[in-house]
Amino acid sequence: INAEYMGTPSECLFFFEMTLKALVSIKRVIDYTVKVRVRPDKLGVIKDNVKHSCNPFDEIAVEQAVRMKEKKLVGEIVAVSIGGPKSVEVLRGSALALGVDRAIHVKLPTDNDDVESLAVAKILHKIAEKEKPDVILTGKQAIDDDSCAVPQMLAGLLGWSQATFISELEVSGKTAKICRETDAGMQRLEVSLPSVISCDLRLNEPRYAKLPEIMKAKKKPLQEITADSLGVSTQPKIQILEVADPPTRAAGRKVKTVEELITKLKTEAKVI
Amino acid sequence: MKVARSLLGKALVVVEHNNAKVSPATLAAVTAASKLGEVTALVAGKGSKSVVDEISKIQGIAKVLAVDSAEYEHGLPENFAPLVKKVQDENKFTHIVAAHTTFGKGVLPRAAALLDTQSVSDVIGVKDENTFLRSTYAGNALASVKSSQALNILSVRPTSFDKAAQGGSASVAQVAATGESGLTKWLADEVDTSGKPDLTSARVVVSGGRGLKAPENFKLLYSLADKIGNCAVGATRAVVDAGFVSNDLQVGQTGKIVAPELYIAVGLSGAIQHLAGMKDSKVIACINTDPEAPIFSISDYGLEGDLFDAVPKLIAGL
């Protein structure tokens, strides 16, 4: 709680009643710069000693919640992450250190454990029932699994509106006006609150954590729970049979001139 | 194409359309669905009779379920998902399929949650009724997965399946509307109506990256596209972020996935996330001043050169 604008107890209550509560869901994933390699046993990808970070789209979600708090639209931000022990790093470094008030770690046994999107949505559903947020913000997809399903599933379970792939967000009272990126261009919607919001690239540019905030983050509340304690099973419904490298393309060649390129495209590749 | 009688499945394809025409991506979903069993198409829209007519004439479609009501006009998932659930509860399909597009991504997972089903996204191959191939890690790890669920909900990558052809004759039945959810109000669609070839189905794609340096230089690529014909223009995330072009041109892991006959990469280095969106193109050519740019390693033909010199020469020489 920022004491500067809190004022008297009744002003406090007024503040919390007038502001929204945001729940932000973030995921620890292999960093986007890493060249991912399939494991020799072909049951997954190599994760040991590989750089991990907060899913980039989730960083955008955190940034959006923090900006809304700075504008006094949001009063409290709670971050949640479902993952192994090291997920604490993204909760502290990419959420608490940026202005999120407290965090919930739904701890999986190891950092190699995965949970399917429906189970993730069910976990977040249970947390939302308890926390009663007005907005749930998360990235549009996780760059590891690329499922692009959790926000939509969560909205379905909650019976809430969904605002997916958003690039603009304007909250006012009981609704939010959004602009979202679609295959054909842009779409504008007005969604009722509470809402599940998934963030796309151009919504904002996330800030970097500053040292004082990183230090403060160590003292902010971080609660550890399990999926079991929420009554949600993480038993997969889909079995991974094999994970394979994509087909490799045969090595190409350099051409020296535009003329040579045109000739090759016409006579060799026969695509022009 | 005959539906194999040995397939016991019943697949529902949720048709994507603009109330006038069936979206080409849906035709790829029909092909995928045909590998699973008898195919029924669900068309929900407003004033969408021409869509019903069109889909009923597509090969592989046995039946069409249609509903025409205001709440379905703009493809809002809040209105579509309950409809899909109701149709599923009444018909007990074994599979529900749609294309992995903005529409499919919005509707299918929400319907899956209502049906307590773990959906499978971005399917690039169907091995059998329970076994699918899907893309993860920006296409760098392809996962073969097996489901034990009685119902499977799949969003399929349009470039991975041929578009179903015309030549069918399906029966059409009306279904009841499920009503307006009242959760979300459509305000506007801001789309490109210039009639340029669609990025995901054009035979050739020319894409530009940071090497273009300024928005007006994209004119060069549009001229090249015009010269080639049936050629769409794409872009990297960097230039979309910089405002050179609109977001619907973005090719990449979280933009569009394209697989044209020919992809010409101009002034773009080939970041992992961009490659994810185009590495399945049949032939790849690139023009870049940096010989070390990753794009060269996946190009069939690489021209180390200045695009401002090479592209005009290409336009003149074709």
### Top-ranked residue of the range B:59-104 - restricted to ones that are among the charged types (D, E, K, R) and open to solvent by less than 50 Å² (accessible area, probe 1.4 Å), ranked as farthest from residue B:180 (Cα to Cα)
B:78
## Note on the structure
Here the residues within the range B:154-164 that are open to solvent by less than 50 Å² (accessible area, probe 1.4 Å) and assigned to a loop (DSSP other than H, G, I, E, B) are B:157, B:161, B:164
### Query
Would you say residue B:245 is within 29 Å of residue A:142 (Cα to Cα), touching a strand residue (DSSP E or B) at 6+ places or on another chain (Cβ under 6 Å), in a loop (DSSP other than H, G, I, E, B) and among the β-branched types (Val, Ile, Thr)?
yes
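Within the range B:102-121, how many residues are over 20 Å from residue A:166 (Cβ atoms) and of a type in the set (S, T, N, Q)? Spell out how you get there, then give the answer.
Taking the range B:102-121 as the starting set, the residues that turn out to be over 20 Å from residue A:166 (Cβ atoms) are B:111-112, B:114-120.
Narrowing the set further to residues that are of a type in the set (S, T, N, Q) leaves B:117-119.
Result for the range B:102-121: 3.
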### Summary
Among the residues of the range A:234-264, the number that are outside any strand (DSSP E or B), facing chain B (nearest Cβ under 7 Å) and of a type in the set (Lys, Arg) is 3
### Message
Can you tell me how many residues within the range A:208-233 are part of a loop (DSSP other than H, G, I, E, B), surrounded by 12 or more Cβ atoms within 10 Å (Cβ to Cβ) and in contact with a strand residue (DSSP E or B) (Cβ under 7 Å, 6 or more places away or on another chain)?
### Response
3
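Listed here are the residues, each with its yes/no results for (1) of a type in the set (D, E, K, R); (2) touching a strand residue (DSSP E or B) at 6+ places or on another chain (Cβ under 9 Å); (3) within 13 Å of chain B (Cβ to nearest Cβ).
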| residue | (1), (2), (3) |
| --- | --- |
| A:30 | no, yes, yes |
| A:48 | yes, no, no |
| A:60 | no, yes, yes |
| A:84 | no, yes, no |
| A:108 | no, yes, no |
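Can you go through A:201, A:261, A:189 and tell me which one is touching a Phe, Trp or Tyr at 6+ places or on another chain (Cβ under 8 Å), without any contact (Cβ under 8 Å) to a residue 12 or more places away in the chain and buried (at least 18 other Cβ atoms within 10 Å of the Cβ)? Before the answer, list the steps.
Values: A:201 fails: without any contact (Cβ under 8 Å) to a residue 12 or more places away in the chain; A:189 fails: without any contact (Cβ under 8 Å) to a residue 12 or more places away in the chain.
Just a single option satisfies the conditions, and that option is A:261.
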#### Entry: So residue B:303, is it open to solvent by less than 30 Å² (accessible area, probe 1.4 Å) and facing another protein chain (nearest Cβ under 10 Å)
yes
### Task
For the range B:168-196, name all the residues that are open to solvent by less than 70 Å² (accessible area, probe 1.4 Å), at pLDDT 95 or above and not in a strand (DSSP E or B).
B:170, B:175, B:176, B:177, B:178, B:179, B:181, B:182, B:183
### Task
Hey, can you tell me all the residues within the range B:292-303 that are over 22 Å from residue B:199 (Cα atoms) and out of contact with any Lys or Arg (no Cβ under 8 Å at 6 or more places or on another chain)?
B:292, B:293, B:294, B:297
#### Entry: Scan of the range A:119-140 for residues that are open to solvent by 20 Å² or more (accessible area, probe 1.4 Å) and in a loop (DSSP other than H, G, I, E, B), ordered by number
A:132, A:134
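Could you tell me whether any residue of the range B:227-240 is in a loop (DSSP other than H, G, I, E, B) and surrounded by fewer than 19 Cβ atoms within 10 Å (Cβ to Cβ)?
Residues of the range B:227-240 that are in a loop (DSSP other than H, G, I, E, B), as a first pass: B:229-230, B:236.
Add one more test, that the residue is surrounded by fewer than 19 Cβ atoms within 10 Å (Cβ to Cβ), and what stays is B:229-230.
Yes, the range B:227-240 contains at least one residue that is in a loop (DSSP other than H, G, I, E, B) and surrounded by fewer than 19 Cβ atoms within 10 Å (Cβ to Cβ).
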### Task
Identify the single condition in (1) among the hydrophobic types (A, V, I, L, M, F, W, C); (2) surrounded by 23 or more Cβ atoms within 10 Å (Cβ to Cβ); (3) outside any strand (DSSP E or B) that residue B:206 does not satisfy, given that it satisfies every other one.
(3)
### Task
Please note which helices (runs of 4 or more DSSP H) are completely contained in the range A:1-94 and include at least 1 residues that are modelled with pLDDT of 95 or more and open to solvent by less than 60 Å² (accessible area, probe 1.4 Å).
A:56-70, A:87-94
### Summary
Taking the range A:147-164 and keeping only residues that are open to solvent by 10 Å² or more (accessible area, probe 1.4 Å) and not small (Gly, Ala, Ser), one is left with A:150, A:157, A:158, A:160
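Of all residues in the range B:306-315, how many are open to solvent by 50 Å² or more (accessible area, probe 1.4 Å) and either more than 20 Å from residue B:225 (Cα to Cα) or more than 10 Å from chain A (Cβ to nearest Cβ) (or both)?
Initial filter on the range B:306-315 (open to solvent by 50 Å² or more (accessible area, probe 1.4 Å)): B:306, B:308-309, B:312-313.
Next cut, either more than 20 Å from residue B:225 (Cα to Cα) or more than 10 Å from chain A (Cβ to nearest Cβ) (or both) only: B:306, B:308.
Residues meeting the conditions: 2.
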### Task
Can you work out which of the residues in the range A:168-186 that are outside any strand (DSSP E or B) and closer than 21 Å to residue A:75 by Cβ is least open to solvent (accessible area, probe 1.4 Å)?
A:173
### Query
Can you name the residue in the range B:284-300 that is part of a helix (DSSP H, G or I) and more than 7 Å from chain A (Cβ to nearest Cβ) and, of all such residues, is nearest to the chain's Cα centre (by Cα)?
B:295
#### Entry: Those residues of the range B:112-130 which are over 11 Å from residue B:154 (Cα atoms) and facing chain A (nearest Cβ under 7 Å), in sequence order
B:113, B:114
### Task
Mind listing whichever residues of the range B:139-152 are at the interface with another protein chain (Cβ under 7 Å from one of its Cβ atoms) and either open to solvent by less than 20 Å² (accessible area, probe 1.4 Å) or of a type outside the set (A, V, I, L, M) (or both)?
B:139, B:140, B:141, B:143, B:144, B:145, B:146, B:147, B:148, B:149
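Identify the residue in the range A:133-179 that is basic (Lys, Arg) and at the interface with another protein chain (Cβ under 8 Å from one of its Cβ atoms) and, among all such residues, is farthest from the chain's Cα centre (by Cα).
Only one residue fits best here, namely A:177.
The values are calculated or read from the model by the stated rules, or taken from the named source; none is laboratory data. These figures come from a predicted structure and were not determined experimentally. Cβ coordinates were reconstructed from backbone atoms using ideal geometry, including for glycine residues, and neighbour counts include every protein chain displayed. SASA here: full protein model, heavy atoms, side chains in, ligands and nucleic acids out. Shrake-Rupley method; radii C 1.70, N 1.55, O 1.52, S 1.80 Å.
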